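Q: Supplied in structure tokens, the structure appears directly below.
The values are calculated or read from the model by the stated rules, or taken from the named source; none is laboratory data. Keep in mind the model is a prediction, meaning the values are calculated, not measured. Glycine also receives a Cβ, built like all others from the backbone with ideal geometry; neighbour counts cover every protein chain displayed. The accessibility values were calculated without ligands, DNA or RNA, using every heavy atom of the protein model including side chains. Shrake-Rupley method; radii C 1.70, N 1.55, O 1.52, S 1.80 Å.
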Number of protein chains: 2
Amino acid sequence: MPTSEPTIPDVPQSSNPQLAFPCLDNVEERTQRLSRRSMSGPEPSYTTGAHEKFHSGEPILLDWGGVLPSFDIAYETWGTLNADKSNAILLHTGLSASSHAHSTETNPKPGWWERFIGPGAPLDTDKYFVICTNVLGGCYGSTGPSSLDPTSKQPYATSFPILTMQDMVRAQFRLLDGLGIDKLYASVGCSMGGMQSLAAGVLEKDRVSRIVSVSGCARSHPYSIAMRHTQRQVLMADQNWTRTRGNYYNSIPPHQGMKLARQIATITYRSGPEWEKRFGRQRADASRPPALCPDFLIETYLDHAGEKWCLEYDANSLLYVSKAMDLFDLGKGLQDATTQRRRENAGRLQGASSQQGAADACTFVLPDEPYQETESAAEILAGTRDSGAAVDQLSEDLVKGMAPLRDTPTLVLGVASDILFPAFQQREVAETLRKAGNRSVTHVELGEDRSLFGHDTFLLDLEGVGGEIRRFLG
Amino acid sequence: MPTSEPTIPDVPQSSNPQLAFPCLDNVEERTQRLSRRSMSGPEPSYTTGAHEKFHSGEPILLDWGGVLPSFDIAYETWGTLNADKSNAILLHTGLSASSHAHSTETNPKPGWWERFIGPGAPLDTDKYFVICTNVLGGCYGSTGPSSLDPTSKQPYATSFPILTMQDMVRAQFRLLDGLGIDKLYASVGCSMGGMQSLAAGVLEKDRVSRIVSVSGCARSHPYSIAMRHTQRQVLMADQNWTRTRGNYYNSIPPHQGMKLARQIATITYRSGPEWEKRFGRQRADASRPPALCPDFLIETYLDHAGEKWCLEYDANSLLYVSKAMDLFDLGKGLQDATTQRRRENAGRLQGASSQQGAADACTFVLPDEPYQETESAAEILAGTRDSGAAVDQLSEDLVKGMAPLRDTPTLVLGVASDILFPAFQQREVAETLRKAGNRSVTHVELGEDRSLFGHDTFLLDLEGVGGEIRRFLG
């Protein structure tokens, strides 16, 4: 956003007073503040504090043909690796989390899963060696769009290659190689981590003994893609992003776009039932006239969620990692296509630092004739009936794709009030695994009597979620 | 958004190609186009074609203290008003619709409810005289923020006063007075119109014989407020809006913000089940590498929905009308407070054209200590349990508030797949009416076996929705 003053026309006396917009003033003040900071030195890098760092000097080939000449993975551990290195649990994070799942000696700040890890906790550090990483593509110490490209010596920004869940998992297994861990006791994750815990088992079935997938899925569904799409769109519409096409690292970050994106995300993380009881229709100050800026309590809650996050995470990491979630699909069709593509691109690892052909550049252009709305309900109903066979075929594709997990004991946990990863998606995971012949599937669904917190239940419900995990890990 | 060229830094050879962003190029091209148009003459006004116009030379006092010195209501009619003027149906619209519910001689373009109105149709023009208006605050011929303020001779813009559903209904009854219609055969509406059809009955119980409320509610709930909040926020974040604080009428309209807002809205209008079958995980062009711009079919669908709408509706109308929806609550508490406020403000009608005191200006500022997240699930669970009594009190408040409808036959229709006005809200309306002593409540809920189209079902399902209305109207 330009730092110029608002150019509100000088309106003559009007019938009613001009409304005020403190929420916009507030954003503009932050822009001014950041602008001064930006002129006085480089951006601070994103961090949640001290962590270990694994460096791979070997290049990595990504699923869609990109190559990172080298990369870092930030990680933290809790508990002790036993002599035969058989007690390691790899914990996968949600979209924007760091490796700091629990406090450490060097970083005593509480982690994002503080109560779920520790002696006697669900991830019991008396028994297990727990490892958590910041994902590839993130901004908390692992290589991502804000990292320097060793070729250009500039931040990758939007020359960072498209990522997949499997790419992130591949990078994690490089770390496990580095730690000398052949086989995991368990692969555990919630939300995006619930996708990764499954992906890890499919990709490296001989190296994963057990899987815990909480509020995750086997393939993203259109509503989730739509909600992430709007977050990316509002973020990229921030002029600090648009103007630089994502190369904002030497100027002001797109803090307003990030604030807006986080507000939309927050709606998907928490849902109706809890809000109904906690906020209802309360206004923040009922003695004041209504405003177009935040006014109802639920609005100030969303505003605050956006405010406290908008400078805490790298905007491009959000774009790439959220896109990777959209692309997630454990179906056999996509897996085979990816294998084929990786084979064709294998040569890129040799000349890892030489630029790829321009033909690879993403130049997708929208079709001239966009999607046309069908006017008649009858047509649509007829259309959806016809696609029944296609849906069955998709399920078959998923059963084949998840067949590598046939012998892996798996806990699948869902929450009825989750609107982002709805409970039908965890049911799909469990049913698909059973169809694939897996006889050790534990499926738990927390009803609304147990949790009203929607997707975020995994962060909050120590007994409902943690208890199940503890019992499953044994 | 500034019309300057993107300032993408000149990046040296990089490890991977720079991604392209055709969706942003596209928006920037539209800005250029609009900028040329803007310099060559005034903005075209919004219209959906020929309609009748009712002009009230008398001022109107609004619920939150604003005054319009005079106002227009655009309307269209179908069928013939009978001799004793007893066959009139007032049809209320959704948020952004015009009065053009059905084609007319002067405007043969199909209306937004074309198949639901006509000889033998659910709103049978052989029997009824159907009236549809553009709401007060809209932009299709009725007075709204884009209209000239008679005091300033400039567009109201954001000096337009805060509106309520009841204000819109009051303006409609002025039109009915003008037409000499004392009593409606029925007040019918879907979505926002479903709120208004109830509000009309409460406000003017002796003038409304029957009510049809489809996919509406008796009070907005926090999820709906949250979704509308994000739409307002992304719209106001458009630099064409921010820079002018909504006074963009002599420059470029906030078309990008409108496009983003419409995409979010579209998610709430259609929901999961239909999208699953219609779009699934199909990419628009699977032979291309993935992109951060629209890529999956669901994304191109949303993009298109935003594109075709972004210049069709006034941004400030969206802000004011969507805010009026948030404020909707038929509870007795708010009704009484409003009655009291209207009494205190009645004097403003006398000096309708003199500016109100600055003390009324909306200057709400967020509290310094924003809403604090409760860390422990136990605390929240305890908190929500304690609020059980508060929830019961709220229901009691609603029963009292809707008591004026005790003797009004009412059809309440909901759709199980609706995420914007979830089915529990129509159940609430029906139960509240019954608690208030109404013995003529018909409640219908269309299950997922009948409709997968979510909120938009009312536009699509002629038999499921229209059939019920036909049977109810008799």
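Q: Just for the Cα atoms in the range B:248-321, what are the lengths along the principal axes, largest first, rounded to whole Å?
A: Largest to smallest, the principal-axis extents are 44, 27, 15 Å.
Q: With only Lys, Arg, Asp and Glu charged, each at its Cβ (+1 for the first two, -1 for the last two), find how big the charge dipole of the range B:415-470 is about the Cα centre; round to the nearest 20 debye.
A: Here the range B:415-470 has a charge dipole of around 400 debye.
Q: Under a 5 Å amide H to amide H cut-off, with H placed in plane at 1.01 Å, what residues pair with B:Leu411 once short-range neighbours are removed?
A: Counting only residues 5 or more places away or on other chains, the set is B:Ile211, B:Val212, B:Ser213, B:Thr442.
Q: A follow-up question, please. Largest first, what is the accessible-area ranking of B:Glu468, B:Glu52 with a 1.4 Å probe?
A: B:Glu52, B:Glu468
Q: How far is it, in nm, from the label point at A:Asn26 to the one at A:Arg406 when both lie 7 Å from their Cα along the line to the Cβ?
A: 5.6
Q: Can you give me the long-range amide H partners of B:Ser142? Hydrogens built in the peptide plane at 1.01 Å from N, cutoff under 5 Å, separation of 5 or more residues or another chain.
A: Amide H to amide H, under 5 Å and 5 or more residues apart or across chains, B:Ser142 pairs with B:Ala74.
Q: While we're here: Using protein chains only and a probe of 1.4 angstrom, how many square angstrom of B:Glu58 are accessible, to the nearest 10?
A: Rounded to the nearest 10, the figure is 120 Å².
Q: In nm, one decimal, shortest first: how far is the label point of A:Asp449 (7 Å from Cα along Cα to beta carbon) from the matching points in the other copies?
A: So the label point of A:Asp449 gives 2.6 nm to the other copies.
Q: Can you give the extra length, in nm with one decimal, that the chain gains between A:Ser70 and A:Ala50 once fully stretched, where that is 0.36 nm per residue apart less the Cα-Cα distance?
A: Full extension from A:Ser70 to A:Ala50 adds 5.0 nm.
Q: For B:Thr133, what charge total do you get from the other residues with a beta carbon under 14 Å from its beta carbon, if Lys and Arg give +1 and Asp and Glu give -1?
A: Its environment carries a net charge of -2.
Q: Can you say what percent of the DSSP beta bridges in the protein assembly as shown, counting only those with both residues inside, are antiparallel? Round to 5.
A: Bridges in the protein assembly as shown are about 35 percent antiparallel.
Q: Can you tell me the 0 to 90 degree angle between the C-alpha axis of helix B:297-309 and the longest principal axis of chain B, rounded to 10?
A: 70
Q: Using the Kirkwood radius over Cα pairs, work out the Stokes-Einstein diffusion coefficient for chain A at 37 °C and 0.692 mPa s, in µm²/s as a whole number.
A: D = 136 µm²/s.
Q: Identify, among A:Met402, A:Pro108, A:Met195, the residue whose Cα sits farthest towards the positive end of the charge dipole of chain A, taking +1 on the Cβ of Lys and Arg and -1 on the Cβ of Asp and Glu, with the dipole about the Cα centre.
A: Ranked along the dipole, the leading option is A:Pro108.
Q: With everything on Cα atoms, drop me the angle between helix B:192-203 and the longest principal axis of chain B, reported from 0 to 90° to the nearest 10.
A: Helix B:192-203 sits at roughly 30 degrees to that axis.
Q: State the number of lysine pairs found in chain A whose Cα atoms come within less than 22 Å, restricting to pairs 8 or more positions apart or on distinct chains.
A: Value for chain A: 19.
Q: Additional query: Just how large is the dipole of the range A:224-324 about the Cα centre, in debye to the nearest 20, putting +1 at every Lys and Arg Cβ and -1 at every Asp and Glu Cβ?
A: Values: 14 positive and 10 negative charges, 46 e Å.
It comes to approximately 220 debye.
Q: As an exercise, use a Förster radius of 60 Å and the Cβ-Cβ distance of B:Arg439 and A:Asp84 to find the FRET efficiency, rounded to the nearest 0.05. Show your work: numbers first, answer last.
A: On the way: r = 75 Å, r/R0 = 1.25.
For R0 = 60 Å, the calculated efficiency reads 0.20.
Q: Inter-copy label distances at B:Gly180, 7 Å along the Cα→beta-carbon direction, one decimal in nm, shortest first?
A: 9.9
Q: Roughly what angle does helix B:315-326 make with the longest principal axis of chain B, taking Cα atoms, 0 to 90 degrees, to the nearest 10?
A: Value to nearest ten degrees: 50.
Q: Once Rh for the range A:394-454 is found with the Kirkwood sum over Cα pairs, what is the Stokes-Einstein diffusion coefficient at 25 °C and 0.890 mPa s, in µm²/s?
A: It comes out at roughly 204 µm²/s.
Q: If I take R0 = 60 Å and measure r between the Cβ atoms of A:Asp449 and B:Ala337 in this structure, what FRET efficiency does the formula 1/(1 + (r/R0)^6) give, to the nearest 0.05?
A: After rounding to 0.05, the efficiency reads 0.95.
Q: Place the label 7 angstrom along Cα→C-beta at A:Gly57 and in each other copy, then list the distances from the first to the rest in nm, shortest first.
A: With the label placed 7 Å along Cα→Cβ, A:Gly57 yields 9.1 nm.
Q: Placing +1 at every Lys and Arg Cβ and -1 at every Asp and Glu Cβ, with all other atoms neutral, what dipole size does the range A:274-325 have around its Cα centre, in debye to the nearest 20?
A: Magnitude of the dipole: close to 180 debye.
Q: Using a probe radius of 1.4 Å on protein heavy atoms only, what is the accessible area buried between chains B and A, both sides summed, to the nearest 100 Å²? Numbers along the way, then the final one.
A: Working: alone 23100 and 23090 Å², together 34050 Å².
For chain B against chain A, roughly 12100 Å² becomes buried.
Q: Using the Cβ atoms and a cut-off under 11 Å, what net charge is assigned to the surroundings of B:Gly474, where Lys and Arg are +1 and Asp and Glu are -1? The partial results should precede the final answer.
A: Numbers: positive: B:Lys127, B:Arg210, B:Arg470, B:Arg471; negative: B:Asp124.
After counting each charged neighbour, the total is +3.
Q: Just name one of A:Ala121, A:Met168, B:Ser14: the one whose Cα is farthest towards the positive end of the charge dipole of the protein assembly as shown (beta-carbon charges, Lys/Arg +1, Asp/Glu -1).
A: Toward the positive end, the furthest listed residue is A:Ala121.
Q: If one computes P(r) from the Cα atoms of the protein assembly as shown, what percent of pairs lie at distances over 58 Å? Working shown, then result.
A: Details: 47846 of 448878 pairs.
Of the Cα pairs, 11 percent sit more than 58 Å apart.
Q: Per residue of A:214-222, count partner chain C-beta atoms within 10 Å of its C-beta, then hand back the mean as an integer.
A: 3
Q: Add +1 for every Lys or Arg and -1 for every Asp or Glu among the other residues with Cβ under 10 Å from the Cβ of B:Leu411, and state the total.
A: Once all neighbours under 10 Å are counted, the net charge is +1.
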